[in-house]
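A quick write-up on the structure given underneath.
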Amino acid sequence: MTILDSPPVTAASKIFNFPRNAWYVAAWDHEVTAKQPLARTIADRPLALWRNSDGRAVALADACWHRLAPLSKGKVLGDEIQCPYHGLRYNSAGRCTSMPAQETINPSAIVPSYPVVERHRYVWVWVGDPDLADPSCVPDMHQMDSPEWAGDGETIYAPCNYQLVLDNLMDLTHEEFVHSSSIGQDELSEAEFEVSHTDRGVTVTRWMRDIDAPPFWLKNMRDRFPGFTGKVDRWQIIHFEAPSTIRIDVGVAKAGTGAPEGDRSQGVNGFVMNTITPETARTSHYFWAFMRNYRLESQTITTQLRQGVHGVFGEDEDMLAAQQRAIDANPDHEFYSLNIDAGGMWVRRILDRMLQAEGLPAAAAAK
Amino acid sequence: MAVNTQTWWQQGRVVETSDLAEGVRRVVLAPDRPVHAVPGAHVDLRLDLSGHVRKRSYSVVRSEDGGRRLTLGVQLAPTSRGGSRHMHGLRVGDVVEMTGPVQSFPLGVGADRYVLVAGGIGVTALVAMADTLRRRGADYTLVLAGRRRAVMAYLDELVEVHGDRVRVFVDDEDVRLDVETLVGGIAGSAAPTRTEMYMCGPIRLMDAIRRAWVAHELPEPNLRFETFGSSGAWAAEDFVVHLPQLDRSVRVGKDSSMLDALEDAGVDVMWDCRKGECGICQVKVLDVSGRIDHRDVFLSQQQKETYSSLCLCVARAARGEPGKASEPAAVTLHLP
């Protein structure tokens, strides 16, 4: 419970704005190299990402101070990046170190550099006020690089506002309709769910007891318990952490073996790791992975799960793209909420407060 | 770090003035379109100086209430180009034409140590940086140098706030800033290449620091400075520009820059930054009577010593030893 200083505003904006004072994943760790800069736009800031000679990841604004040529098309030269156009060089702080055609360096020549933290197999950047960039605020995604978990993931380029992806993950009743061939089942919509929240987090918990395992989960059960048949207890515990990370604790266990009470020994458990980075108001980088805590030795299972989730999330991607198109095609229509949106609405409330603290409106500027 | 180099104009109302130190005036402006000024930012003002509109740059000492109150500190300087007299005459309620905050001197993040060096009125560019470094819990030193205590703005306040992080050097107390000791100390410290220096002050001080910085082989990009081309080796004085191509001579008043005077005389010259950084207004020097006071940071020391070219926006001619020669100094230029 929070005692309010002032009543909250309704925040079902269709094109939701994004906080700048936050860590966002810019790339998988392996995507950022000392060989070649990576161009990626994060929260409306075009960045050039690269590594210097000690392996540290660097994020600079992707525009040379001089005539704004993209540095990402240039070369990494040790601890510097060289503009592809007139050869100006910059160090990792964004400070110009060389102007080839003159004997001095203009003291104003600098490009913005952004704080970077590498954690949980991702490169995180902070595009807001650098003085507020506290590495301890990087969202917890420890399953990504814990020895007790195995798995892998991919990046989806989602042509939609990032909030639509958060909505999608905060309410999984859509699985019944969008993912009917893999993880969907009638019990999803029928089961009760519970929502709780803190200042930075929201949790949605749903248990489905004594049900048939859908195809994806039956396969996973049989990976761990060969030849398994019978009913299962299924859980989905959705953990949101601001601004846009959602870890979903998912799994099934043999029905009646005590999973709801905490004994998951007769089941299989995965964590669906999702972190969504707004690229622009209408496009997002959606980084996901599926991590499991059983059969850690099996690269086959890692590959199968990644491919399986790839298929499932492809269905989401189609839906999200279509939803964004419909939103843009119906500018006069508003969003309405169902009871299933409770988790997503708490997410919006938290984000809305972050935006207010930055003096930003909840709705992103019109295109 | 934020780098905002876009210039847009607005009006600002003077809401407060006071004296900060002998000859240093505090002017608080309330802009029409408030934008927070981050440490290192300045604003440009359009001032009407004896019938001519001139642009002058002033560091933002403090930005409060999201930029609704911007504090400037202005020294009434004999070496200035006339803007400071105008600024000292401002009264509460006066309205000035000003830009939003322009950032070309941003404070970096992530260095192991920061050394801020303020010479005289240059402190105005560093007050907000020091506050930010203190809030960050960074390792920093604030070096304040001046001729006399009475003319050093913000001295007491900075000593009180920053305590033993402040080093004070006062010429007339014979506690002088020794550049070699300062820069040598950085070179001999634990993290010489991870120390950034930010300096703002008279060009002679900054030139000396730059030479020492290079001599100690410290990384050049770690030495950061801002100059508005407003200080030189000699006080500003009247001089003459001869333009043989046009068969003309133009007189440059001490309140005016050479570039301003040539434009006022209808001479078509190219320029960009107007603060001695970019080199676009560089022209060839054919002859000098007196000395050239370069004041720019575009030409290298060696280029300046040969006197072969100068930057019109900030360079001046000076007699060198005032009082001796009765004729004004003169330069003869070849325009592109």
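What follows is calculated from the coordinates using simple rules that are stated; it is not laboratory data. The model shown is predicted, which means the values in this text are computed figures rather than measured ones. Here the Cβ positions follow ideal geometry from the backbone for every residue, glycine too, while neighbour counts run over all protein chains shown.
Which of the residues spanning the stretch A:121-137 are closer than 30 Å to A:Gln82 by Cα, more than 14 Å from chain B (Cβ to nearest Cβ) and surrounded by fewer than 22 Cβ atoms within 10 Å (Cβ to Cβ)? Steps first, please.
Here is the first cut: in the stretch A:121-137, the residues closer than 30 Å to A:Gln82 by Cα are A:121-135.
Add one more test, that the residue is more than 14 Å from chain B (Cβ to nearest Cβ), and what stays is A:121-124.
The answer is A:Arg121, and nothing else.
Would you check which residues across the stretch A:165-187 are in contact (Cβ under 8 Å) with a residue 24 or more places away in the chain and over 19 Å from A:Pro139 (Cβ atoms) and list them?
Narrowing the stretch A:165-187 to residues in contact (Cβ under 8 Å) with a residue 24 or more places away in the chain: A:165-174, A:178-179, A:181-185, A:187.
Matches in the stretch A:165-187: A:Asp171, A:Leu172, A:Thr173, A:His174, A:Val178, A:His179, A:Ser181, A:Ser182, A:Ile183, A:Gly184, A:Gln185, A:Glu187.
Checking B:Ser189 against (1) over 28 Å from B:Glu277 (Cβ atoms); (2) loosely packed, with under 13 Cβ neighbours inside 10 Å, which single condition isn't satisfied?
With respect to (1) over 28 Å from B:Glu277 (Cβ atoms); (2) loosely packed, with under 13 Cβ neighbours inside 10 Å, B:Ser189 is out only on (2).
Mind listing whichever residues of the stretch B:263-312 are more than 14 Å from every other protein chain (Cβ to nearest Cβ) and touching a residue at least 60 places away in the same chain (Cβ under 8 Å)?
Selection gives B:Asp264, B:Val267, B:Val269, B:Met270, B:Asp293.
On the given criteria, is B:Leu182 within 16 Å of B:Val123 (Cα to Cα) and crowded, with 20+ Cβ neighbours inside 10 Å?
Numbers: within 16 Å of B:Val123 (Cα to Cα): no; crowded, with 20+ Cβ neighbours inside 10 Å: yes.
Considered against the rule, which asks whether it is within 16 Å of B:Val123 (Cα to Cα) and crowded, with 20+ Cβ neighbours inside 10 Å, B:Leu182 comes out as no.
Each row is one residue, and each column tells you yes or no for (1) part of a strand (DSSP E or B); (2) buried (at least 17 other Cβ atoms within 10 Å of the Cβ); (3) not polar (S, T, N, Q).
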position	(1), (2), (3)
A:Ser181	no, no, no
A:Gly184	no, yes, yes
A:Ser196	yes, no, no
A:Phe216	no, yes, yes
A:Asn220	no, yes, no
A:Pro226	no, no, yes
A:Arg234	yes, yes, yes
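Pairs needed: first member in the stretch A:92-106, closer than 13 Å to A:Trp65 by Cα and more than 8 Å from every other protein chain (Cβ to nearest Cβ); second member anywhere, of a type in the set (Gly, Ala, Ser) and crowded, with 20+ Cβ neighbours inside 10 Å; C-beta distance under 9 Å; at least 6 residues apart or different chains.
Every condition considered, the pairs that remain are A:Met99/A:Ala109.
Please give the strands (runs of 3 or more DSSP E) falling wholly within the stretch B:35-133 in which 3 or more residues are touching a residue at least 12 places away in the same chain (Cβ under 8 Å) and basic (Lys, Arg). Reasoning before the result, please.
Values: elements: B:41-49, B:52-64, B:69-75, B:95-99, B:113-119.
Those strands (runs of 3 or more DSSP E) span B:52-64.
Quick one: in the stretch B:218-252, of everything that is away from every other protein chain (no Cβ under 14 Å) and among the charged types (D, E, K, R), which residue is surrounded by the most Cβ atoms within 10 Å (Cβ to Cβ)? First the steps, then the outcome.
Looking only at the stretch B:218-252, we keep the residues that are away from every other protein chain (no Cβ under 14 Å), and these are B:230-252.
Restricting the remaining residues to those that are among the charged types (D, E, K, R) gives B:237-238, B:247-248, B:251.
Values: B:Glu237: 19, B:Asp238: 15, B:Asp247: 7, B:Arg248: 13, B:Arg251: 13.
For the stretch B:218-252, the residue satisfying everything is B:Glu237.
Tally the residues that are more than 10 Å from chain B (Cβ to nearest Cβ) and under 13 Å from A:Ser113 (Cβ atoms), restricting the search to the stretch A:64-78.
1
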